Amino acid sequence: MVFIIVLCLIATYISVLTLLAYIDSKTDYSDPQIRKFTDLKGNFYFFARYYLWQPNKLKKIKSSVPQNSFLYVENYIYQVHDYGENYQVPDGLFFEREIRFFGKPLILEKSNNNPEITINQYGDGVLQLNLVSNVLNQIEELTQNNIDISDKKILEDFIIKIKDGNIFNEKEVKSVYEALLRNIPFADFALNLITAIKTFFGY
């Protein structure tokens, strides 16, 4: 009798784990929710949590923060130089784990601010751009016009990165600047943006 009960418990355990693993394999995990932890000495790391039956979630987290990539957390940009997985969660359940990322903050070297665009340049050539929503919407409308397909792709990628809060390098920003210049008859709304980029980089 005891043997049968044990077998039933094992079968139930396996079934539950199989179901949870199946749910994990079908979940998108588009937002891994990377958070920052700082101890009393000022040491810090970034982390995301997962359960042992979530290999898909762990894979998505790792792919979203590759080595030497950048994290924008609490209004600061950090460059990730290392990571480790399978850390036990403090005060967590025994099957809950953390993947931890270690990085360094980037120093703000230059900033340009006007009512429509903010450009921040950090070390290693990392750029952060913020646009007011109406200019971003107008750029989006521009991509619906009959413009060159390569310009369309440049501007569409720019819109996606701005909306996602991603960072840029100067080559990417210059491509956007040149794409807008080539379409200036349709992009007069972006004159302030064009001027801001030109002034910032000295084109």
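The values are calculated or read from the model by the stated rules, or taken from the named source; none is laboratory data. Because the structure is predicted, anything quoted here is derived from the model rather than measured. A quick note on method: Cβ atoms are made from the backbone with ideal geometry, for glycine too, and the neighbour counts reach across all protein chains shown.
To keep it simple, each residue is scored yes or no on (1) under 27 Å from F158 (Cα atoms); (2) among the hydrophobic types (A, V, I, L, M, F, W, C).
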residue	(1), (2)
N86	no, no
F95	no, yes
I99	no, yes
N130	yes, no
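Only residues that are of a type in the set (S, T, N, Q) and more than 16 Å from the chain's Cα centre (by Cα) were counted in the stretch 26-79, giving 5.
The rows are residues; the columns are (1) touching a strand residue (DSSP E or B) at 6+ places or on another chain (Cβ under 9 Å); (2) basic (K, R); (3) outside the structural domain of V73 (by TED's automatic domain parsing); (4) surrounded by fewer than 17 Cβ atoms within 10 Å (Cβ to Cβ).
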{"residue": "E116", "(1), (2), (3), (4)": "yes, no, yes, no"}
{"residue": "G123", "(1), (2), (3), (4)": "yes, no, yes, yes"}
{"residue": "L129", "(1), (2), (3), (4)": "yes, no, yes, no"}
{"residue": "S133", "(1), (2), (3), (4)": "no, no, yes, yes"}
{"residue": "E141", "(1), (2), (3), (4)": "no, no, yes, yes"}
{"residue": "D164", "(1), (2), (3), (4)": "no, no, yes, yes"}
{"residue": "A196", "(1), (2), (3), (4)": "yes, no, yes, no"}
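Each residue in the stretch 86-95 was checked for being assigned to a strand (DSSP E or B) and exposed (fewer than 14 other Cβ atoms within 10 Å of the Cβ), and 2 pass. Residues in the stretch 21-72 that are polar (S, T, N, Q) and modelled with pLDDT of 90 or more: 4 in all. Note on the stretch 98-114: residues that are touching a residue at least 40 places away in the same chain (Cβ under 8 Å), buried (at least 18 other Cβ atoms within 10 Å of the Cβ) and either under 17 Å from the mean Cα position of the chain (by Cα) or outside the structural domain of V80 (by TED's automatic domain parsing) (or both) amount to 3. Within the stretch 24-76, the residues that satisfy the criterion of being in a loop (DSSP other than H, G, I, E, B) and either in the same structural domain as F168 (by TED's automatic domain parsing) or among the charged types (D, E, K, R) (or both) are D28, D31, D39, K41, E74. Might you check whether a residue that is of a type in the set (D, E, K, R), more than 22 Å from the chain's Cα centre (by Cα) and closer than 23 Å to D31 by Cβ occurs anywhere in the stretch 82-97? Yes, there is a match, as at least one residue in the stretch 82-97 is of a type in the set (D, E, K, R), more than 22 Å from the chain's Cα centre (by Cα) and closer than 23 Å to D31 by Cβ.
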